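K.L.:
This is the structure, below, for whatever I ask next.
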Amino acid sequence: MSGAAVAMPAEESLRLDHNERLFPAPELVQLLGRVPATTLTRYPEAKGLERRLARNWGLGADRVLVTGGADDAIDRICRRYLAGGREMVTVVPTFEMMPTFARLAGGRVCEIPAMDDPAPLERTLDRLGERTGLVTVISPHNPTGGVLTASRLLELSARLPADAMLLVDLAYVEFADSDPTPALLSRDNILVVRTLSKAWGLAGLRVGYVFAPRTAIAELRASGPPFPLSGPSIWLAEQALELGDRVTAGYVAAVRSERDRLHVALREAGAAPFASEANFVLASTDRAAALHRRFHRFGIAVRLFPDLPELIRITLPGDEATFRRLLSVLEGSR
């Protein structure tokens with residue numbers, strides 16, 4: 001897919017700092033004018049979208065909850081399983097909303113420093129105790145892009161305390177080499193969180209969802225507002241799922257190709273990129289701040305981490321012309 005399909009406003013910076021898909025699938029853009037007018041006047045009903053997601057994965061609809069983005073899903077999970085000062089076990093650095101939602105729910109956060117593993121097994125198991133309510137894993141991990149195998153996730157699940165749950169955030173899984181979802185659906189103590197924000201390019205619609213056991217879904221449904229999505233968001237999400245690979249396949253393939261090329265370019269620029277199976281590459285370099293300033297001068301936003309000043313993260317655009325623009329700025333920094 002070419003970025004020319006949907007023009008970017010001339011005054012807008014090239015945003016490679018939020019892991020968004022820059023250019024939506026043209027097939028979805030063409031549907032915008034066909035959104036039914038009744039979606040504007042009626043309270044939105046997400047049951048049809050939940051049934052469609054359930055069919056895609058061979059589940060009953062009572063094992064699916066549609067949420068207002070993955071953030072809403074994580075917030076509900078934290079409020080359900082961390083109330084009363086129970087504990088979340090998570091690696092750091094991690095997606096910043098994980099510990100934020102945990103603390104807002106009244107929970108405690110047990111942090112395991114780890115840059116090379118999204119859930120180091122023995123260190124995670126050592127932190128489990130009677131107060132553990134949640135263990136959280138993001139795969140591919142944010143911000144590193146590292147992944148966990150399905151077998152590791154299942155082993156972790158099998159060794160949790162009886163009343164603890166494993167939250168597996170798969171926001172970036174479409175970019176990975178394999179998807180552990182089918183294996184995870186067999187366990188009663190795993191909550192799988194997914195989204196249409198990343199590979200599907202629908203971040204503005206805020207469509208997330210949870211796969212979980214029936215009882216957990218019922219409890220999470222009662223833990224948030226009754227209408228978490230707008231009517232137009234639900235309708236467009238249904239159309240996207242109907243189109244399927246036409247929305248994601250070309251973009252995902254482009255991202256994977258760019259990922260390999262960006263690794264090479266970063267190494268040539270003196271940085272040390274982390275292995276990634278996401279739509280971004282994180283790199284370590286003592287020139288992170290200087291690179292950030294250089295990209296900014298050329299109208300490109302990339303991500304710095306205030307608490308980790310040697311790291312820089314770059315979202316892959318999934319568009320050849322845009323990617324060449326990124327490379328030209330990076331190559332000029334040598």
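The values are calculated or read from the model by the stated rules, or taken from the named source; none is laboratory data. Predicted, not measured: the structure shown is a model, and the values here were computed from it. We place every Cβ from the backbone using ideal geometry, glycine too, and count neighbours over all the protein chains shown. Heads up: the accessible areas ignore ligands, DNA and RNA and are worked out on the full protein's heavy atoms, side chains in. Shrake-Rupley method; radii C 1.70, N 1.55, O 1.52, S 1.80 Å.
K.L.:
Where a ≥ b ≥ c are the square roots of the eigenvalues of the C-alpha gyration tensor, would you call region 26-134 rounded, which needs a/c under 1.5, or, failing that, prolate if a/b is larger than b/c, or oblate?
P.N.:
Verdict is prolate for region 26-134.
K.L.:
Also, I was wondering about something else. Considering only DSSP states other than H, G, I, E and B, which trypsin sites (Lys or Arg not before Pro) in region 144-187 qualify as loop sites with at most 14 other Cβ atoms within 10 Å?
P.N.:
Taking region 144-187 and a limit of 14 other Cβ atoms within 10 Å, the loop trypsin sites (Lys or Arg not before Pro) found are Arg159.
K.L.:
Further question on the same structure: List every residue whose amide H lies under 5 Å from the amide H of Arg108, counting only residues 5 or more places away in sequence or on a different chain, with H placed 1.01 Å from N in the peptide plane.
P.N.:
Distant-sequence amide H within range of Arg108: Arg86, Glu87, Met88.
K.L.:
If you don't mind, another one. For Ile217, what is the net charge nearby, where nearby means another residue's Cβ is under 9 Å from its Cβ and Lys, Arg count +1, Asp, Glu -1?
P.N.:
Computed value for this residue: +1.
K.L.:
What's the carbon and sulfur percent of region 274-334's accessible surface, probe 1.4 angstrom, rounded to a whole number?
P.N.:
That fraction is 54 percent.
K.L.:
What are the ³J(HN,Hα) couplings of region 126-133, residue after residue, when phi is run through the Karplus curve with 6.51, -1.76, 1.60 and θ = phi - 60°? Round to Hz, x for glycine and proline.
P.N.:
5, 8, 6, x, 5, 8, 5, x
K.L.:
Using a Förster distance of 35 angstrom, determine the FRET efficiency expected from the C-beta separation of Asp188 and Arg246, and round it to 0.05.
P.N.:
0.50
K.L.:
If the only charges are +1 at each Lys and Arg Cβ and -1 at each Asp and Glu Cβ, what is the size of the charge dipole of region 252-334 around the Cα centre, to the nearest 20 debye?
P.N.:
So the dipole magnitude of region 252-334 works out to roughly 260 debye.
K.L.:
Now for a separate question. Per residue, how much accessible area does region 213-295 show when a 1.4 Å probe rolls over the protein heavy atoms, in square angstrom?
P.N.:
It amounts to 43 Å² per residue over region 213-295.
K.L.:
Further question: What are the ³J(HN,Hα) values, in whole Hz, obtained from phi via the Karplus relation 6.51 cos²θ - 1.76 cosθ + 1.60 with θ = phi - 60°, for each residue of region 194-201 in sequence order, with x given for Gly and Pro?
P.N.:
Once θ is set to phi - 60°, the couplings for region 194-201 become 9, 8, 9, 6, 8, 5, 7, x Hz.
K.L.:
Related question: Please name whichever of Pro317, Leu128, Ala216 sits farthest to the positive end of the charge dipole of the chain, dipole taken about the Cα centre and charges placed at Cβ: Lys and Arg +1, Asp and Glu -1.
P.N.:
It is Ala216.
K.L.:
Right, here's the next one. With +1 on each Lys and Arg Cβ and -1 on each Asp and Glu Cβ, and nothing else charged, work out how big the dipole of region 291-334 is about its Cα centre, in Debye to the nearest 20.
P.N.:
So the magnitude is around 180 debye.
K.L.:
In debye, nearest 20, what is the charge dipole magnitude of the chain about its Cα centre with +1 on Lys and Arg Cβ and -1 on Asp and Glu Cβ, if you could check?
P.N.:
My answer is approximately 460 debye.
K.L.:
Which one, (i) 132; (ii) 200; (iii) 179, gives volume of the Cα convex hull per residue in Å³ as derived from the coordinates shown?
P.N.:
Comparing each candidate, only (i) matches the computed number.
K.L.:
Express in Å², to the nearest 10, the accessible area of Asp62 obtained by rolling a 1.4 Å probe over the protein heavy atoms while all chains stay in place.
P.N.:
70
K.L.:
Here is a further query. Calculate, for region 1-123, the solvent-accessible area per residue in square angstrom, rolling a 1.4 angstrom probe over the heavy atoms of the protein chains.
P.N.:
49
K.L.:
I've got another one for you. With each run of n ≥ 4 DSSP H residues scored as -39500 (n - 2.57), what mean residue ellipticity at 222 nm is computed for the chain after dividing by its residue count and rounding to the nearest 500 deg cm²/dmol?
P.N.:
The helix-only estimate for the chain comes to -10500 deg cm²/dmol at 222 nm.
K.L.:
What shape does region 136-282 have by the C-alpha gyration tensor, where a ≥ b ≥ c are the square roots of the eigenvalues, rounded means a/c under 1.5, and otherwise prolate means a/b greater than b/c and oblate the rest?
P.N.:
Oblate, since a/c reaches 1.5 and b/c is not below a/b.
K.L.:
Top mean-square fluctuation among Leu31, Leu154, Leu53, Gaussian network model of the chain, C-alpha springs under 10 Å?
P.N.:
Answer for the Gaussian network model of the chain: Leu31.
K.L.:
Based on the alpha carbons, how large is the Rg to Rh ratio for region 216-334 when Rh follows Kirkwood?
P.N.:
Result: Rg/Rh = 1.12.
K.L.:
Just subtract the alpha-carbon distance of Leu327 and Arg103 from 0.36 nm times their residue separation and send over the number in nm, one decimal.
P.N.:
Gain in length upon complete extension: 76.7 nm.
K.L.:
Follow-up. Identify which of Thr100, Thr67, Thr144 has the largest mean-square fluctuation in a Gaussian network model of the chain, with springs joining Cα atoms closer than 10 Å.
P.N.:
The residue that fluctuates most here is Thr100.
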